[in-house]
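**Student:** My questions all concern the structure below.
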Amino acid sequence: MSRPRPGDGRPLEAGERVVLIDGKRRRYLVTLADGGEFHSHAGFVPHALIIGSSEGATVRSTRGADYLVIRPTLEDFVVEMPRGAQVIYPKDLAPICMLADIGPGVRVFESGVGSGALSMTMLRWGASIVGYEIREDFANRARSNVRSFLGDDEAARYDVQIADSYAGIDPALGAFDRVVLDLPEPWQVVPHAATALRPGGILVAYTPSIVQAAQTREALARGGWIDPRTLEVLHRGWYVEGAAVRPDHRMVAHTGFLTTARWVGSAAQGSM
Ligand code: SAH
């Protein structure tokens, strides 16, 4: 099914997801179904009250609680979606797309695929992806997350194969513009990336530990790669309420490191 685009103003339909927001600003991700009910401490909301209404509608539960209804953003979805593996969070998803220079038509080799949070973000930005994932259950989860949230057009640009990227990238897949990695030993994929990337292509690796980042940098230092960089993204929310305007007391202090470099081809081997 082709999913409604953000801002397209269509009425809400059975089969699509909505976010319900209660009076305490708690958010609930709900898949609308004919005859469905959303249950909470305040009774339930029949989905029939939501289906056919528009984003911004308020619906009332059987015991009088009001919920605002909106469509989920990709950010809402990736933090709430069904997952097997740990996902990359929005804080890092957008910078990865910028570092990898993702855009319409860009051909990406991605490994591992996990639950598909990064895949969904790159597909939304227009990429075509071949993904290598060793676990079939994760591959299936990622495919179904892509199809159910993004829709058929994006799913047609998403080819997940059950394969081990440490063992190589099939040359029959042709040249890639980008290699984007989120797996335990990305340095094992660096030599394969060098054969899979076209000159000018970009590699980005997400690693929870700086030791992994350093080992990836060592592999990238063996020649043919330029502009190596490792960075982390810190995201500090602010509490803004009247005169009380200050940073949030809590923040996510660490997720992962982003390491990137550009492949300039085997002719440059040893010169960098
Ligand atoms: N970036 C993903 C999460 C990936 S978790 C997301 O945002 O949802 C890491 C994944 O790498 C796991 O699913 C794991 O099964 C896979 N993996 C680990 N080693 C691999 C290998 N050698 N080849 C392919 N996939 C691998």
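The values are calculated or read from the model by the stated rules, or taken from the named source; none is laboratory data. Because the structure is a prediction, the values reported are computed rather than measured. Here Cβ is always computed from backbone atoms with ideal geometry, including for glycine, and neighbour counts include all displayed protein chains. Accessible surface is based on the protein model in full, side chains and every heavy atom, while ligands, DNA and RNA are left aside. Shrake-Rupley method; radii C 1.70, N 1.55, O 1.52, S 1.80 Å.
**Student:** Output the residues belonging to region 84-99 that are among the aliphatic types (A, V, I, L, M) and either more than 13 Å from the ligand (Cβ to nearest atom) or outside the structural domain of residue 182 (by TED's automatic domain parsing) (or both).
**Tutor:** We begin by selecting, within region 84-99, every residue among the aliphatic types (A, V, I, L, M); these are 85, 87-88, 93-94, 96, 98-99.
Within region 84-99, 98, 99 meet the criteria.
**Student:** Among the residues of region 88-96, are any part of a helix (DSSP H, G or I), modelled with pLDDT of 95 or more and of a type in the set (Val, Ile, Thr)?
**Tutor:** Yes, region 88-96 contains at least one residue that is part of a helix (DSSP H, G or I), modelled with pLDDT of 95 or more and of a type in the set (Val, Ile, Thr).
Yes/no matrix, rows are residues, columns are (1) within 14 Å of the chain's Cα centre (by Cα); (2) away from the ligand (no atom under 11 Å from the Cβ); (3) assigned by TED's automatic domain parsing to the domain that holds residue 98; (4) crowded, with 24+ Cβ neighbours inside 10 Å:
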position: 117; (1), (2), (3), (4): yes, no, yes, yes
position: 121; (1), (2), (3), (4): yes, no, yes, no
position: 124; (1), (2), (3), (4): yes, yes, yes, no
position: 127; (1), (2), (3), (4): yes, yes, yes, yes
position: 130; (1), (2), (3), (4): no, yes, yes, no
position: 134; (1), (2), (3), (4): no, no, yes, no
position: 140; (1), (2), (3), (4): no, yes, yes, no
position: 147; (1), (2), (3), (4): yes, yes, yes, no
position: 150; (1), (2), (3), (4): yes, yes, yes, no
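**Student:** Considering only region 100-108, I want to know if a residue exists there that is away from the ligand (no atom under 13 Å from the Cβ), open to solvent by less than 20 Å² (accessible area, probe 1.4 Å) and in contact with a helix residue (DSSP H, G or I) (Cβ under 6 Å, 6 or more places away or on another chain).
**Tutor:** Within region 100-108, one or more residues are away from the ligand (no atom under 13 Å from the Cβ), open to solvent by less than 20 Å² (accessible area, probe 1.4 Å) and in contact with a helix residue (DSSP H, G or I) (Cβ under 6 Å, 6 or more places away or on another chain).
**Student:** To continue, here is another question. Condition first: surrounded by 14 or more Cβ atoms within 10 Å (Cβ to Cβ) and away from the ligand (no atom under 14 Å from the Cβ). Now tell me which residues in region 185-206 satisfy that.
**Tutor:** Answer for region 185-206, where residues must be surrounded by 14 or more Cβ atoms within 10 Å (Cβ to Cβ) and away from the ligand (no atom under 14 Å from the Cβ): 194, 197, 201, 202, 203.
**Student:** Another question, if that's okay. In this structure, does residue 182 turn out to be assigned by TED's automatic domain parsing to the domain that holds residue 119, within 10 Å of the ligand (Cβ to nearest atom) and either open to solvent by 60 Å² or more (accessible area, probe 1.4 Å) or among the acidic types (Asp, Glu) (or both)? If you could, list the steps in order and put the result at the bottom.
**Tutor:** Working: assigned by TED's automatic domain parsing to the domain that holds residue 119: yes; within 10 Å of the ligand (Cβ to nearest atom): yes; either open to solvent by 60 Å² or more (accessible area, probe 1.4 Å) or among the acidic types (Asp, Glu) (or both): yes.
It is true that residue 182 is assigned by TED's automatic domain parsing to the domain that holds residue 119, within 10 Å of the ligand (Cβ to nearest atom) and either open to solvent by 60 Å² or more (accessible area, probe 1.4 Å) or among the acidic types (Asp, Glu) (or both).
**Student:** So, one more: From the set of residues in region 168-177 that are touching a strand residue (DSSP E or B) at 6+ places or on another chain (Cβ under 9 Å) and within 14 Å of the ligand (Cβ to nearest atom), which is farthest from residue 101 (Cα to Cα)? Talk me through it step by step, then tell me what you get.
**Tutor:** The first filter runs over region 168-177 and keeps only residues touching a strand residue (DSSP E or B) at 6+ places or on another chain (Cβ under 9 Å), leaving 169-170, 173-177.
Adding the requirement that they be within 14 Å of the ligand (Cβ to nearest atom) leaves 169-170.
Working: 169: 21, 170: 23 Å.
In this case the residue turns out to be 170.
**Student:** Which of the residues belonging to region 21-31 are surrounded by fewer than 14 Cβ atoms within 10 Å (Cβ to Cβ) and either free of Cβ contacts under 8 Å to residues at least 12 places away in the same chain or of a type in the set (D, E, K, R) (or both)?
**Tutor:** Listed by number, the residues that qualify are 24, 25, 26.
**Student:** Scan region 229-262 residue by residue and report those that are within 17 Å of residue 97 (Cα to Cα) and open to solvent by less than 60 Å² (accessible area, probe 1.4 Å).
**Tutor:** Within region 229-262, the first condition is being within 17 Å of residue 97 (Cα to Cα), and the residues that meet it are 229-235, 255-262.
Answer for region 229-262, where residues must be within 17 Å of residue 97 (Cα to Cα) and open to solvent by less than 60 Å² (accessible area, probe 1.4 Å): 230, 231, 233, 255, 256, 257, 258, 259, 260, 261.
**Student:** Condition first: outside any loop (DSSP other than H, G, I, E, B), more than 16 Å from the ligand (Cβ to nearest atom), within 28 Å of the chain's Cα centre (by Cα) and β-branched (Val, Ile, Thr). Now tell me which residues in region 45-83 satisfy that.
**Tutor:** 50, 69, 70
**Student:** Mind counting the residues in region 32-45 that are open to solvent by 40 Å² or more (accessible area, probe 1.4 Å) and at pLDDT 95 or above?
**Tutor:** Residues in region 32-45 being open to solvent by 40 Å² or more (accessible area, probe 1.4 Å) and at pLDDT 95 or above: 6 in total.
**Student:** Separate question: Give the residue, chosen from 159, 177, that is farther than 27 Å from residue 222 by Cβ and not in a helix (DSSP H, G or I).
**Tutor:** The match here is 159.
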